[in-house]
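Every number in this text was worked out from the coordinates using simple rules, so none of it is lab data. Everything numeric here is computed off the predicted structure, so don't read it as measured data. In this analysis, Cβ positions are derived from the backbone assuming ideal geometry, glycine residues included, and neighbour counts consider all displayed protein chains.
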Amino acid sequence: MPPFIARRRPPVESPSGDVGAYRLSEPLADSSAGTRRTWPLLRDLKPCVSVAVANLFDQRARLIAAVSGVAVSLFLLLLQISFVTAFSQKVTELYDDFDFDIVIVPDSYQIMLSFDTMNRIVLDIARATGDVADTYGLNVDVLRWKIVPTDAEGRSMLIGIDAPAGFVRDKAIRDAWPVLRTPHTLVSDRYSQKGAGPVTPGSVVEINDERLTMRGQFKLGQFFYSEGAALVRNVDFPRLTGRDPRNISIGLVKLNPGVSPEKAREDIAAALPSGTRVLTKSQLEKQERAYFFSTKPIGFIMDISMIISCLIGGVIILQVLSTEIANRMGEYAVLKAIGAGPALIYGIGLSQAAVVSFGGLAPALVLGWLVLAVVQMGTHLNTGLALPIVLEMCGITAVLAAAAAAIVVRRVDRADPASLY
Amino acid sequence: MGEMVLLGLRLLVHDKRRLFAMSASIAVGVVIMFVQLGLLEGILDAQAIVARLVRGDLMVMNQARVDLQHWDTMDPYEVAQIAAAPGVAKVTPVYEDHVGLTDPDGNNIRRIIVFAFPPDADSLPLDLGDPKKVSAALEGADGFLYDVRSRPIYGQIRPGMNINIDRNPLPVLGLVRMGPDIINDGNIFMSEGEWLSRRPWAHPIMAVVRLAPGASIDKVRKAIVEQTPGDVAVYTPAQAREREIASTLKSSPIGLIFGVGVIAGMVIGAINGYQVLYTEVSDHLTQLATLKAIGFADRFLHGAIMAQALALSGTGFIVGVLVALGLDAYVATATRLPIHIDPRTAAFVCAANLVTCALAGGLALRRVGAADPASLY
């Protein structure tokens with residue numbers, strides 16, 4: 001016979017309604033008289049948790065294995081949720097540095113790094129609609145620069161900007177503007193990768209046979225587009241990239257107060273010639289994210305990995321609960337025989353599920369916090385463990401525990417007091 | 001020895017439903033390992049797909065093209081210089097660039113990769129199907145071949161349709177199969193003449209070399225380097241593939257991400273195995289105690305448990321392979337990545353599963369100590 005809790009703490013019926021070390025919330029006579037409550041109230045929680053913990057700790061090695069399994073699956077899930085959240089923020093990070101309501105792009109636009117351009121005159125046409133307070137031109141291209149003096153080559157995203165006016169939200173980019181007015185100057189992305197070469201102030205690179213000195217830094221870190229990034233003025237951008245100086249990659253539009261973005265979008269789209277697309281800021285961000293998470297396989301891979309992690313966590317909890325209940329049918333029969341109601345019986349199962357799952361969540365969060373901090377340092381993705389993700393993980397863990405308990409716990413009904421004799 | 005194994009197996013097979021449930025539990029770790037390795041290999045294979053499809057002995061590229069995702073081109077005269085190198089039977093230039101394809105369903109312009117090359121059936125540089133059919137399609141008329149494994153964003157493209165390429169309508173001459181990678185979503189193929197009529201100043205991105213019969217690869221490689229101005233690198237297709245895989249692993253964290261996934265699969269396999277074997281031993285404690293009572297040593301019982309562990313690793317692996325085959329096929333269809341189970345991966349997962357089950361069996365042996373003959377009375 002396996003050791004069981006009743007052997008160590010024999011239940012003793014007392015006039016006060018105590019069963020062994022645990023006080024039942026209802027007098028035993030109530031349940032035998034047919035008054036059955038299915039769900040435990042808060043006051044029933046203590047005996048449920050006490051029995052659950054004692055039962056689980058009876059086989060410590062198995063408990064450790066189960067908690068470790070749940071921890072591994074929740075750790076994987078945490079990594080995936082954090083990556084998706086951080087990457088989702090990162091793909092629109094440059095746009096987040098600017099304050100605008102509407103964007104005008106070439107009709108071939110898929111993501112920020114599109115190679116088509118459009119005539120800057122579209123900004124003037126947009127202004128003529130009457131909805132627009134101000135406009136702003138952005139240029140984006142990826143090019144190869146030569147690192148001076150090593151002559152090694154690095155790939156970088158060059159971003160051309162207009163004078164900040166009221167558009168630039170990011171202080172580092174606003175501060176970059178006066179610096180960029182010095183000839184042959186660029187402002188580098190502090191989060192550039194090694195392949196882009198040194199990006200500290202004073203570093204020199206050669207673009208299109210022109211030597212430029214880095215005189216400031218901002219933070220971007222969009223490693224999926226290029227190894228590095230740098231800001232220049234839009235007046236310098238065409239000279240460095242060979243682009244037509246009349247053209248821009250992206251037009252940002254700020255609306256007059258009170259103008260609906262959707263109405264303005266329609267007005268501007270109607271005024272512009274073919275070959276352009278007009279999107280509200282939220283449409284743009286949605287499209288940008290959809291490209292990475294729906295068109296590219298990243299989203300699908302992450303989704304399937306998250307589903308697998310949840311299934312594994314759920315299966316392990318299910319397995320532990322199932323074995324626990326199967327091994328302790330005798331003890332459950334004893335509890336029933338002495339009058340314990342379903343509140344206590346089911347509550348024990350639910351508590352066991354909660355202990356195993358939240359017992360796994362704790363180390364998963366600690367390990368995840370460490371790993372995600374390392375990832376954040378290496379990739380500059382915002383993968384730090386934030387409160388919303390912790391709450392999301394708690395919610396998922398609670399659902400897994402409840403689902404596993406709901407599937408298994410009714411097996412306790414098979415515990416038959418008659419079988420004890 | 002034989003009796004130990006026989007006892008272990010009989011204990012397992014006497015309840016077939018339970019055996020299936022236990023195998024399914026072990027299979028969870030196997031499936032995770034297969035999926036993680038499948039995704040990793042699929043991504044690496046997709047990134048290096050051009051090297052895998054090359055029909056030739058050597059690939060010559062600009063030295064600055066440190067991986068196949070870089071766009072550094074060669075000077076066209078270098079193709080002629082390579083052709084003049086001793087031991088070279090045929091050299092074929094390959095052009096690669098991106099164009100805007102207007103999808104016929106939504107009328108959206110989507111970036112797509114275009115490959116162009118001389119459509120000579122004997123020297124087609126890429127394996128896109130029957131060379132004669134590919135060559136006949138590209139030689140016959142203006143137009144392009146569409147890669148049907150491209151991602152669905154390009155819409156339903158069928159032969160005979162006129163599709164706008166950079167806003168100019170061009171007929172679809174046929175369909176071929178190549179597949180996208182993580183960065184690029186799809187491919188089209190044109191003849192060199194068609195491409196140069198659109199981009200007259202285009203430079204080749206690589207040259208595919210076929211050796212003369214009996215020529216030594218090393219000697220020809222050396223001759224090509226000497227013949228050209230020294231700005232090209234020469235690889236065999238296998239070397240180019242290995243270089244691409246190494247470059248992808250170095251430049252992105254996918255090795256780490258999927259490596260952690262494989263380790264997690266092993267850990268979960270071991271934990272599940274332990275849980276399953278623990279329950280199995282617990283449920284048979286009375287029988288094990290009886291065996292002890294009639295004089296069987298602990299070593300005999302341990303042998304029976306280990307036999308169960310190894311048998312379960314086999315049944316779990318079989319169930320895992322079957323599930324992984326279905327799952328990989330589904331993921332491959334959804335992502336358009338070449339995800340499949342190759343024998344090397346299968347051997348690795350089989351060995352890892354065997355180790356984790358043996359480890360789980362070793363841990364579960366402690367439970368046999370609870371079988372007490374005195375408890376029978």
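Under the classification rounded if a/c is under 1.5, otherwise prolate if a/b is larger than b/c and oblate if not, where does segment A:116-171 fall, given a ≥ b ≥ c as square roots of the Cα gyration tensor eigenvalues? It comes out prolate by the Cα gyration axes. Each other residue within a Cβ distance under 11 Å of B:P229 adds +1 if Lys or Arg and -1 if Asp or Glu, for a net charge of -4. Under the simplified labelling scheme, the B:V355-A:K263 pair shows an inter-label distance of 6.8 nm, with each label point 7 Å from Cα along Cα→Cβ. Using C-alpha pairs below 8 Å separated by at least 6 residues, the relative contact order for segment A:87-184 is 25 percent.
If I take every Cα pair under 8 Å that is 6 or more residues apart in chain B, average their sequence separation and divide by the length, what percent do I get for the relative contact order?
With pairs under 8 Å counted, the relative contact order is 30 percent.
With chain A treated as a Gaussian network of Cα nodes joined by springs under 10 Å, which of A:T295, A:T397, A:T213 yields the largest mean-square fluctuation? Answer for the Gaussian network model of chain A: A:T295.
If packing is taken as the average number of other Cβ atoms within 10 Å across a peptide's residues, how do B:289-301, A:341-353, B:334-346 rank, most packed first?
Numbers: B:289-301: 14.5, A:341-353: 24.3, B:334-346: 17.4.
Going from most to least packed, we get A:341-353, B:334-346, B:289-301.
Placing a pseudo-label 7 Å from each Cα along the Cα-to-Cβ vector at B:Y377 and A:F300 gives an inter-label distance of 6.7 nm. The distance from the alpha carbon centre of segment B:295-335 to that of segment A:208-246 is 56 Å, rounded to a whole number. Can you pull the percent of Cα pairs in the protein assembly as shown with separation above 35 Å? That fraction is 60 percent. Local charge for A:P164 was computed over the other residues whose Cβ lies under 14 Å away, with Lys and Arg +1 and Asp and Glu -1, and equals 0. Residues A:W177, A:W369, B:W201 in ascending order of nearby Cβ atoms (within 10 Å, fewest first): B:W201, A:W369, A:W177.
May I ask you to list, by number, the DSSP H helices of chain B whose Cα span along the axis is at least 20 Å and whose average Kyte-Doolittle hydropathy reaches 1.0 or more?
On the way: long enough: B:16-47 (44 Å, 1.13); B:237-251 (21 Å, -0.91); B:254-283 (43 Å, 1.30); B:298-335 (52 Å, 1.21); B:343-364 (31 Å, 1.29).
Span-like helices in chain B: B:16-47, B:254-283, B:298-335, B:343-364.
Lysine pairs in chain A whose alpha-carbon atoms fall under 26 angstrom of each other, counting only those eight or more residues apart or on distinct chains, come to 28.
Restriction of the trypsin sites (Lys or Arg not before Pro) in segment A:229-261 to DSSP coil positions whose beta-carbon has at most 15 other beta-carbons within 10 angstrom yields A:R246.
Taking chain A as a Gaussian network of alpha-carbon nodes connected by springs under 10 Å, the highest mean-square fluctuation of the residues A:I298, A:I248, A:I316 belongs to A:I298. Label 7 Å along Cα→Cβ of A:S88; segment A:282-326 residues with amide nitrogen under 16 Å? Only A:282-296, A:298-307 fall inside the zone, counting backbone N under 16 Å. When the Gaussian network model of chain B links Cα atoms closer than 10 Å, the mean-square fluctuations of B:V13, B:V91, B:V331 top out at B:V13.
With the simple model of a label 7 Å out from the Cα in the direction of the Cβ, B:L53 to B:L9 spans 4.9 nm. Considering the zone a paramagnetic label at A:A165 would reach in this model (a point 7 Å from Cα along the Cα-to-Cβ line), which residues of segment A:115-131 have amide N under 14 Å from it? Hits in segment A:115-131 for A:A165 at 14 Å: A:120-131.
In the protein assembly as shown, helices alone account for a calculated mean residue ellipticity at 222 nm of -16500 deg cm²/dmol, with every DSSP H run of four or more residues adding -39,500 (n - 2.57).
Over the Cα atoms of segment B:104-224, the radius of gyration divided by the Kirkwood radius equals 1.02; this is the Rg/Rh ratio.
Take the Cβ atoms of B:I263 and A:L143, set R0 to 30 Å, and the FRET efficiency comes out at 0.15.
Computed from the C-beta positions of A:D134 and B:H98 and an R0 of 56 Å, the FRET efficiency is 0.95 to the nearest 0.05. Fewest neighbouring Cβ atoms within 10 Å first, the residues A:K90, B:K90 line up as B:K90, A:K90. The mean number of partner chain beta-carbon atoms within 10 angstrom of a residue's beta-carbon across peptide B:261-273 is 5.
Seen from a random direction on average, the alpha-carbon convex hull of segment A:206-293 projects onto 8.5 square nanometres.
Quick one: which residues, 5+ away or cross-chain, put their amide H under 5 Å from the amide H of B:L58? H built at 1.01 Å from N. Answer set, sorted by chain and number: B:V209. Along the charge dipole of chain B, Cβ charges K/R +1 and D/E -1, which of B:Q239, B:N164, B:L325 sits furthest on the positive end? After comparing all options, I get B:L325. Computed from the Cα positions only, the extents of segment A:93-228 along the three principal axes stand at 52, 31, 26 Å, in decreasing order. For chain A, the C-alpha radius of gyration divided by 2.2 N^0.38 Å, with N the number of residues, is 1.44.
Over segment A:168-317, calculate the relative contact order: mean separation of alpha carbon pairs under 8 Å at least 6 apart, over the residue count, as a percent.
Values: 144 pairs, mean separation 24.2, N = 150.
About 16 percent, as a whole number.
Taking amide H positions as modeled 1.01 Å from N, with prolines and chain starts lacking one, the residues under 5 Å from A:V148 and 5 or more places away or on another chain are A:V204, A:V205, A:E206.
Computed FRET efficiency, Cβ-Cβ of B:A297 and A:R414, R0 45 Å: what is it to the nearest 0.05? Can you show the working numbers first?
Working: r = 37 Å, r/R0 = 0.81.
My answer for the efficiency is 0.75.
Overall shape of segment A:257-383 was characterised from the C-alpha gyration tensor. The equivalent ellipsoid obtained from it has semi-axes of 53, 21, 14 Å, in decreasing order. Placing a label point 7 Å from the Cα of B:D127 along the Cα-to-Cβ direction, the residues of segment B:342-366 whose backbone N falls under 18 Å from that point are B:342-344. Residues A:L255, B:L19, arranged from fewest to most other Cβ atoms within 10 angstrom of their Cβ, appear as B:L19, A:L255.
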